[in-house]
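Visitor: My questions will all concern the structure given below.
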Amino acid sequence: MMLFAIFLVLTGGIAHVLAFLLPLKVILLAGSTGIPSYFTPIVSSPEYKTELIVALSFAAVICYVLGLTAEAGAKKQSQKVGAHIGSVRNDEPDDSELDEVSDLVHQFVSLTADILFTLLALAAFALMNPPLGAYIVAVATGGVLIFGALRTRVTVGGETLGERALRDTSNIIKLCASIIFFGGFFAILLPLFFTENPNILIAIISFVVFRRALSALSSVVRQTVKFGTNRASIDETIVYEDEQKEAMPSSTLSVIFSKDARELRIRELLSDSLDPDDHIDVHWTDTGPRDVSLFEIAIQRPSENEPSTLYIQAVIPRGPKNLLDRERELFKELEHEKLCAPAFVAEFQEGDFDCRIMRVGESVRASREQRRDAFNRIFTRIWSVEPPRSLQADPEFARPRIVRVLKDSFCRNAALAAESDSDRHALANFLRLRPSILEVVEQAPCYIHNPDMNANTIYPLADGEAIQPIWSRWSIEPMGTTLPTPLSVSEIEASLELVRENRPSIPSDFTTNHLLLIDSMTRLMQLLSARRYRASIDLMKRVIENPVVIALSNPEQTSLNGRSSRPVQAETSTSSA
């Protein structure tokens with residue numbers, strides 16, 4: 001059904017081009033004396049001129065009707081495909097969900113048909129108009145080189161070439177399309193000036209088809225970018241393959257996940273540190289971060305007086321971005337102990353899964369309050385570790401996400417919820433101060449940030465310490481990107497002083513207010529991403545009341561990098577938090 005829909009869209013596109021070309025032929029033929037030379041391959045005798053005009057006119061009408069019919073048929077076929085995809089769900093989809101699926105299918109069908117039309121047009125140019133064909137090959141070569149440049153890590157104005165292209169896709173496509181079109185126009189004119197018997201009809205056909213092919217190519221680029229940026233928002237419970245294919249063969253899944261099999265594997269891998277009488281209990285936990293499955297391995301010695309030793313097995317699917325490779329990159333530069341990470345005991349692969357076993361030691365069953373305290377302590381320890389310069393110099397790891405996401409246009413979306421003069425004034429003030437605030441964020445002391453770390457993912461130890469087993473999605477972010485909660489301002493201030501003892505490089509004018517500001521900017525980014533614009537404006541009001549931001553708007557009270565030159569009391573910080 002999908003292939004038939006693509007065929008209908010492609011047929012409709014070709015029919016519309018013919019419906020435009022054939023009337024032009026009729027006009028040229030009717031306005032000429034006799035039969036022009038470029039019509040002689042079709043008919044050469046003037047007495048058949050009238051019949052040819054009538055035939056071309058009828059053909060134009062038929063092509064126009066065929067184009068409309070093919071388009072309608074393609075939409076109908078897309079709806080059938082969408083209904084079929086929706087029908088294989090576990091529950092019955094409603095009309096809005098079916099419309100969403102059908103729309104996605106039709107977009108994909110149109111994208112594929114545009115690609116095929118562009119390829120057919122290139123083949124036609126190579127046969128009909130060699131100069132234009134050569135020009136298209138040169139343009140395609142340039143396109144490949146540009147695409148390669150966009151995939152590099154070269155930065156311009158603080159963002160990569162690819163990020164800048166995505167931010168301004170529409171204008172870039174218009175500019176490139178205009179340049180390519182005018183270049184193609186001159187390539188079409190060349191045979192008219194430099195050949196003895198130029199064929200005007202070929203030039204006209206080349207012009208029309210080239211214009212349509214360029215439009216199709218622009219549509220392909222726009223649609224591809226749209227699919228890429230909207231991929232995360234597609235409801236995968238509605239759209240998936242007709243037949244759900246098992247991600248891994250059942251034998252692989254049973255080796256990794258079945259209880260008996262995993263206990264046998266653990267005994268084999270840890271044989272050097274186990275006695276034959278040791279009891280092994282491996283059980284699944286639900287505390288693993290996204291895409292990572294965690295198993296807790298408790299090893300009990302025969303003596304009941306000895307505490308059990310805890311190991312953790314992480315099972316991570318391999319993909320385009322290998323999460324374990326990213327973790328290895330981090331621990332090449334830092335020791336595990338510095339980031340409260342456990343030592344690796346064994347690594348192995350099963351199918352497309354990477355598996356790792358880590359030794360925790362003597363873990364304890366901690367209460368919620370104990371977990372929170374352990375989490376706050378581990379956070380202070382991680383803040384105390386200054387990221388190696390080699391990692392700070394790598395733009396893949398070190399560019400703050402807040403700076404990358406909170407663009408002016410993104411923040412302006414909150415204007416939809418600005419319903420009063422106070423709201424509009426706060427939004428305008430925030431947008432005016434946004435560049436200065438982001439400069440403060442960029443120049444703040446940084447740390448190794450782990451988005452997967454929270455009070456539920458850490459393992460408290462018997463000695464009062466704790467460990468965080470998974471570091472696969474780490475990045476370098478400014479201090480304050482995530483604050484341990486719930487902590488009072490005075491507790492945050494005390495943590496900062498402890499960190500400052502281990503990191504003398506932290507400027508003395510970097511205060512708790514900076515941490516609270518950066519934390520607020522992180523929450524603002526999350527609210528805007530979730531389209532919670534009302535809450536975003538309320539948070540913007542609190543941001544511009546932060547003493548650091550007030551100092552930015554009063555330069556005479558501001559020291560280097562927008563930091564308040566006067567110390568701010570903790571009670572003041574509480575109101576701005």
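The values are calculated or read from the model by the stated rules, or taken from the named source; none is laboratory data. Being a predicted model, the structure only gives us computed values, none of them experimental. So basically every Cβ, Gly included, is an ideal-geometry build from the backbone, and we count neighbours across all protein chains shown.
Visitor: Which condition number in (1) among the aliphatic types (A, V, I, L, M); (2) outside any strand (DSSP E or B); (3) within 16 Å of Trp474 (Cβ to Cβ); (4) not assigned by TED's automatic domain parsing to the domain that holds Ser529 is the one that Ile316 fails?
Guide: Going through (1) among the aliphatic types (A, V, I, L, M); (2) outside any strand (DSSP E or B); (3) within 16 Å of Trp474 (Cβ to Cβ); (4) not assigned by TED's automatic domain parsing to the domain that holds Ser529 one by one, Ile316 breaks only (2).
Visitor: Still on this structure, I have one more. If the requirement is being within 29 Å of Gly480 (Cβ to Cβ) and aliphatic (A, V, I, L, M), which of these qualifies: Ala366, Ala343?
Guide: Ala366
Visitor: Which one of the conditions (1) modelled with pLDDT of 90 or more; (2) under 32 Å from the mean Cα position of the chain (by Cα); (3) farther than 18 Å from Arg424 by Cα does Pro547 fail to meet, given that it meets all the rest?
Guide: Among (1) modelled with pLDDT of 90 or more; (2) under 32 Å from the mean Cα position of the chain (by Cα); (3) farther than 18 Å from Arg424 by Cα, the lone unmet condition for Pro547 is (2).
Visitor: Test Arg381 against the criterion of being surrounded by 14 or more Cβ atoms within 10 Å (Cβ to Cβ), outside any loop (DSSP other than H, G, I, E, B), more than 23 Å from the chain's Cα centre (by Cα) and not assigned by TED's automatic domain parsing to the domain that holds Thr482, and give yes or no.
Guide: No: the conditions fail for Arg381.
Visitor: Out of Leu515, Leu498, Leu487, Leu461, report the one residue that is out of contact with any His (no Cβ under 6 Å at 6 or more places or on another chain), at pLDDT below 80, hydrophobic (A, V, I, L, M, F, W, C) and not assigned by TED's automatic domain parsing to the domain that holds Glu296.
Guide: Of Leu515, Leu498, Leu487, Leu461, the one residue that is out of contact with any His (no Cβ under 6 Å at 6 or more places or on another chain), at pLDDT below 80, hydrophobic (A, V, I, L, M, F, W, C) and not assigned by TED's automatic domain parsing to the domain that holds Glu296 is Leu487.
Visitor: From the list Leu269, Leu294, which residue is touching a Pro at 6+ places or on another chain (Cβ under 9 Å), surrounded by 15 or more Cβ atoms within 10 Å (Cβ to Cβ) and at pLDDT 80 or above?
Guide: Every option except Leu294 fails the conditions.
Visitor: Looking only at region 409-417, decide whether some residue is within 27 Å of the chain's Cα centre (by Cα), crowded, with 18+ Cβ neighbours inside 10 Å and either β-branched (Val, Ile, Thr) or over 27 Å from Met358 (Cβ atoms) (or both).
Guide: yes
Visitor: Something else now. Could you pull out the residue among Asp452, Asp423 that is in a loop (DSSP other than H, G, I, E, B) and in contact (Cβ under 8 Å) with a residue 60 or more places away in the chain?
Guide: Of Asp452, Asp423, the one residue that is in a loop (DSSP other than H, G, I, E, B) and in contact (Cβ under 8 Å) with a residue 60 or more places away in the chain is Asp452.
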